[in-house]
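Undergrad: Got a structure for you, questions after.
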Amino acid sequence: MDNFIYDIPTKVYFGKDEELKVGKIISELSVNKVLIHYGGGSAVKSGLLGRVKDSLDKENISYVELGGVVANPVLSLVREGIELCKKEGVDFILAVGGGSVMDSAKDIANGVANPDVDVWEFSLGTKAPVKTLKKGAILTLSAAGSEMSNSCVITNSETGEKRGYGSPCNRMTFAIENPELTYSVSPYQTACGAVDIAMHTIERYFALGEDTYLTDAVAEAVIKSTMKAGLDSYNNPNDYTARANMMWASSLAHNGLTQCGRTFILTVHQLEHEVSGMYPEVAHGAGLAALWCSWARYVYKDAMPRFLKFAANVWNVDVDFENPEYSVLKAIDLQENYYKSIGMPTSLSELNVKKEDLEKLALDCSRNKTRTLPGYKPLAYEDVLKIYEMAY
């Protein structure tokens, strides 16, 4: 087991009507002015935004608003938010929405607190934030796990680059998780969320590291619970038990718990970021579903013990040790069939990715052949291109 640091400073308020406490929660944080950051019209139509503002009003907390966050949040809106916060003297960011809203809020908080740095440098990795504003989230979607993660992913629309960065500054001060707020999420987006949640831990499960049987057991439970909750939520959107388990899995899958003692690698996420960076209409979870099985079929021979453990403990495959490849491939097929059962794509062609773009995707992912993605089987440009081709 590798050395690790586990530090989760985010306080979680979980359950029905917890969003009604947001004013009281923020009032205890010595805040002067809040930026309420959200996406499209759903937060308004549902009445959630109104309830949030009523709660702030009751505590005499001043606020300004900035909506318009889209899937794959964009740098231009982050910069608009930074300028608005500077102008209005904002010292707290409240994200009302899903992962895109939370990531945008994180980047705004970092940009305001580090005014001498161009915020895009954080995404490029040329600079790191040294301080940030306090921030909180009210979840309306179970997917990204951004409410408890240290990551932030932003898209530069001008260049088509989608880049993520990790930092302690990206941790939320608090997260409010009411599963009922996800009832209205469409079946397609629910399925995308289930894929993303499980993938956050599946990728950690296949990261480098040994002798982590406790971490592995936690990871296996998170993966299986997420897939059950995702399927149940997909089939019955108002199933509170399913929505609650899926929401809690979202937080646990990406807060570092399921990687303790293992090297943190999100290889398939890197492959997918290039796809949704080039094709912003592609939902992140759908892109992951389209890629994972091809990645697994390409690398499994270099990680047979891990894949056999995955087959046995996640998919209950009766491992044939005389023909272990059959057992692994059966598990990958079961994973692929699960994606199909919740309406997810299992190929890039289903996402209308153009075949002639695959080489550009591989060049971008490999940083023009200068980067190799680490793992049991390291992936250079040629490997990445092969996986894209297999996924097509």
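Undergrad: Please give the helices (runs of 4 or more DSSP H) falling wholly within segment 285-392 in which 3 or more residues are over 30 Å from residue 229 (Cα atoms).
TA: Fully inside segment 285-392 and qualifying: 358-365, 381-391.
Undergrad: Here are some conditions: (1) closer than 29 Å to residue 71 by Cα; (2) in contact with a Leu (Cβ under 8 Å, 6 or more places away or on another chain). Residue 344 meets all but one. Which one does it not meet?
TA: Result: residue 344 passes all but (2).
Undergrad: I would also like to ask the following. What residue, among those in segment 232-243 that are surrounded by fewer than 18 Cβ atoms within 10 Å (Cβ to Cβ) and either within 13 Å of the chain's Cα centre (by Cα) or touching a residue at least 40 places away in the same chain (Cβ under 8 Å) (or both), is nearest to residue 168 (Cα to Cα)?
TA: This residue is 240.
Undergrad: Out of the strands (runs of 3 or more DSSP E) lying entirely within segment 142-235, which hold 2 or more residues that are in contact with a strand residue (DSSP E or B) (Cβ under 6 Å, 6 or more places away or on another chain) and of a type outside the set (A, V, I, L, M, F, W, C)?
TA: Output list reads 151-156, 161-166.
Undergrad: Taking into account only those residues within segment 244-264 that are open to solvent by 20 Å² or more (accessible area, probe 1.4 Å) and part of a loop (DSSP other than H, G, I, E, B), which is farthest from residue 353 (Cα to Cα)?
TA: 263
Undergrad: Could you list, in sequence order, the residues of segment 1-21 that are free of Cβ contacts under 8 Å to residues at least 40 places away in the same chain and in a helix (DSSP H, G or I)?
TA: If the condition is that a residue be free of Cβ contacts under 8 Å to residues at least 40 places away in the same chain and in a helix (DSSP H, G or I), then 20 is the only one that fits.
Undergrad: If you don't mind, there's one more thing I want to ask. I need the full set of residues from segment 161-187 which are open to solvent by 30 Å² or more (accessible area, probe 1.4 Å) and closer than 30 Å to residue 367 by Cα, in order please.
TA: 161, 164, 166, 168, 171
Each row is one residue, and each column tells you yes or no for (1) open to solvent by less than 10 Å² (accessible area, probe 1.4 Å); (2) under 24 Å from the mean Cα position of the chain (by Cα).
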{"site": "276", "(1), (2)": "yes, yes"}
{"site": "293", "(1), (2)": "yes, yes"}
{"site": "304", "(1), (2)": "no, no"}
{"site": "321", "(1), (2)": "no, no"}
{"site": "326", "(1), (2)": "no, no"}
{"site": "346", "(1), (2)": "no, yes"}
{"site": "353", "(1), (2)": "yes, yes"}
{"site": "374", "(1), (2)": "no, yes"}
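Undergrad: Which one of these is in contact with a Ser or Thr (Cβ under 8 Å, 6 or more places away or on another chain) and hydrophobic (A, V, I, L, M, F, W, C): 231, 214?
TA: 231
Undergrad: If I go through segment 267-284 residue by residue, how many of them are aliphatic (A, V, I, L, M) and in a helix (DSSP H, G or I)?
TA: Matching residues across segment 267-284 total 4.
Undergrad: Residues to consider are 340, 330, 354; find the one that is charged (D, E, K, R), under 16 Å from residue 286 (Cβ atoms) and modelled with pLDDT of 95 or more.
TA: Selected residue: 340, the only one of 340, 330, 354 that is charged (D, E, K, R), under 16 Å from residue 286 (Cβ atoms) and modelled with pLDDT of 95 or more.
Undergrad: Restrict the check to segment 43-57 and report whether at least one residue is within 30 Å of residue 278 (Cα to Cα) and touching a residue at least 24 places away in the same chain (Cβ under 8 Å).
TA: yes
The values are calculated or read from the model by the stated rules, or taken from the named source; none is laboratory data. All values derive from a computational prediction rather than experimental measurement. Quick reminder, even Gly has a Cβ in these numbers, built from the backbone with ideal geometry, and neighbours come from all protein chains shown. Surface areas here come from the heavy atoms of the whole protein model, side chains and all, with no ligands, DNA or RNA. Shrake-Rupley method; radii C 1.70, N 1.55, O 1.52, S 1.80 Å.
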